[in-house]
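> Right, I'll just put the structure down here and ask away after.
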Amino acid sequence: MLKAKANGNGRVSYFNPIWLIEHQEEASLEHEFVDALNNGEIVAFYQPIIQQNYQSSGFSLEALVRWLHPTKGVITPNIILPIAKRLGLMGLLGMVIFEQTCVDIKRFKALGLKLKRISVNISSEQLFSPQLINQIESCLKEQKVPTALVEFEIVEELMAGDFQVLSTQIDKLTDLGIQLSIDDFGTGYSSLSRLKNLNVSKLKIDKSFVDGLPHGDEDICIVKSIIGLAKGMGLDIVAEGVETQEQASWLFENGCDYLQGYLISKPIHADDLLTLMSQQNDFLKLKLVFNRYGLVCSLMSCLIINEFIPIIVSN
């Protein structure tokens, strides 16, 4: 029945024994997920968000959920989030990641990293919870983390829901000193009048629009429009999914404030981040040098090739 419904109304589906195996595996993974929330297997990975002058101004991070499964390895959000939604555990999952983020903020700052803030994704189940504000306040006080170091990201689709409740919750969060951004902007068909009346400070351009830069006419038009809209409303703008130097150069030249994507780094564990971001190299400039030699330089690989840079530059 579920398979037939998934294929659309009025469809007929014949049973396939593979479905039973898939269902049993899914049920087993759901059971393991509940245990994982309580035994430390659900962790935050971090992806840097940088400006052109990030070495002097500092860098931001986005916290992204990962499941460090004992036998399956690292499990990504496309598996985790549907399980959490089916089990009604999105709120608990969000708080687990937020609590770990607060712990890691203290750790990063104590080690002298130039961290501006960490953004955490917040689901509709979490955002509309009457317990949210108290939970956030309690965690921040317990870990002694300044609210200015925290930012929440909400997906654009939430703006189409109960706007009064949404606006009230956002105002309560900003009253605490927490900034908010709209994630995946341009994909959710949101009302500009609603955006105008929401207390947010940043828009994030969805990767699907960045992929075609700097040559796709439609993507250029869309991205320029989003940047112009953000600037006109006094909002910062972040481009997600930046993977090439060409994209980075075009975005900065056209007024984008921040970049995020594999060009800078994949999402990585906090332990790896401490090593990588403590380096004093200008990673964007390094990419320019190495691209001339047909090599790919990422934030992670810079650690390996750092000692060879003077030789390559001198040639």
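> Grab the strands (runs of 3 or more DSSP E) fully contained in the range 11-77, keeping just those with 1 or more residues being at pLDDT 95 or above and among the acidic types (Asp, Glu).
Working: elements: 42-50, 59-69, 73-75.
So the answer is 59-69.
> Among what's in the range 146-186 and is β-branched (Val, Ile, Thr) and open to solvent by less than 10 Å² (accessible area, probe 1.4 Å), pick the residue that is farthest from Leu64 (Cα to Cα).
Filtering the range 146-186 for residues β-branched (Val, Ile, Thr) gives 147, 150, 154-155, 165, 168, 170, 174, 178, 182.
Checking which are open to solvent by less than 10 Å² (accessible area, probe 1.4 Å) leaves us with 150, 154, 170, 178, 182.
Numbers: Val150: 14, Ile154: 13, Ile170: 21, Ile178: 18, Ile182: 16 Å.
Residue satisfying both the conditions and the ranking: Ile170.
> Turning to a different aspect of this structure: Quick check: anything in the range 90-101 touching a helix residue (DSSP H, G or I) at 6+ places or on another chain (Cβ under 9 Å) and not in a helix (DSSP H, G or I)?
No, there is no match, as no residue in the range 90-101 is touching a helix residue (DSSP H, G or I) at 6+ places or on another chain (Cβ under 9 Å) and not in a helix (DSSP H, G or I).
> Does Phe209 meet the test of being more than 13 Å from Ile49 (Cβ to Cβ), surrounded by 15 or more Cβ atoms within 10 Å (Cβ to Cβ), modelled with pLDDT of 60 or more and aromatic (Phe, Trp, Tyr)? Don't jump to the end; show me each part of the working.
Numbers: more than 13 Å from Ile49 (Cβ to Cβ): yes; surrounded by 15 or more Cβ atoms within 10 Å (Cβ to Cβ): yes; modelled with pLDDT of 60 or more: yes; aromatic (Phe, Trp, Tyr): yes.
Considered against the rule, which asks whether it is more than 13 Å from Ile49 (Cβ to Cβ), surrounded by 15 or more Cβ atoms within 10 Å (Cβ to Cβ), modelled with pLDDT of 60 or more and aromatic (Phe, Trp, Tyr), Phe209 comes out as yes.
> Does the range 235-250 contain any residue that is closer than 23 Å to Thr101 by Cβ, among the polar types (S, T, N, Q) and either part of a helix (DSSP H, G or I) or at pLDDT 90 or above (or both)?
There is no residue in the range 235-250 that is closer than 23 Å to Thr101 by Cβ, among the polar types (S, T, N, Q) and either part of a helix (DSSP H, G or I) or at pLDDT 90 or above (or both).
> Filter the range 245-271 down to the residues that are crowded, with 18+ Cβ neighbours inside 10 Å, of a type in the set (S, T, N, Q) and closer than 18 Å to His215 by Cα and list them by number.
Within the range 245-271, the first condition is being crowded, with 18+ Cβ neighbours inside 10 Å, and the residues that meet it are 247-248, 250-251, 256-261, 263-265, 267-268, 270.
Next cut, of a type in the set (S, T, N, Q) only: 247, 260, 265.
The one that is crowded, with 18+ Cβ neighbours inside 10 Å, of a type in the set (S, T, N, Q) and closer than 18 Å to His215 by Cα: Gln247.
> So which residues in the range 52-96 are touching a Phe, Trp or Tyr at 6+ places or on another chain (Cβ under 6 Å) and either closer than 14 Å to Phe33 by Cα or among the acidic types (Asp, Glu) (or both)?
Selection gives Arg66, Ile75, Ile80, Ile83.
> How many of the residues in the range 111-145 are open to solvent by 30 Å² or more (accessible area, probe 1.4 Å) and in a strand (DSSP E or B)?
Looking only at the range 111-145, we keep the residues that are open to solvent by 30 Å² or more (accessible area, probe 1.4 Å), and these are 111-112, 114, 116-117, 121, 124-125, 128, 130-131, 134-135, 137-138, 141-144.
Next, only the ones that are in a strand (DSSP E or B) stay: 116-117, 121.
Total meeting the criteria: 3.
> Could you list all residues from the range 41-78 that are open to solvent by less than 60 Å² (accessible area, probe 1.4 Å), within 18 Å of Gly94 (Cα to Cα) and without any contact (Cβ under 8 Å) to a residue 24 or more places away in the chain?
Ile75, Thr76, Pro77
> Within the range 80-91, take every residue that is free of Cβ contacts under 8 Å to residues at least 40 places away in the same chain and among the aliphatic types (A, V, I, L, M) and give me the one that is farthest from Leu276 (Cα to Cα).
Applying the filter and picking the extreme gives Met90.
The values are calculated or read from the model by the stated rules, or taken from the named source; none is laboratory data. Since this is a predicted model, take the numbers as computed values, not measurements. Glycine gets a Cβ as well: all are built from the backbone with ideal geometry, and neighbour counts include every protein chain shown. SASA here: full protein model, heavy atoms, side chains in, ligands and nucleic acids out. Shrake-Rupley method; radii C 1.70, N 1.55, O 1.52, S 1.80 Å.
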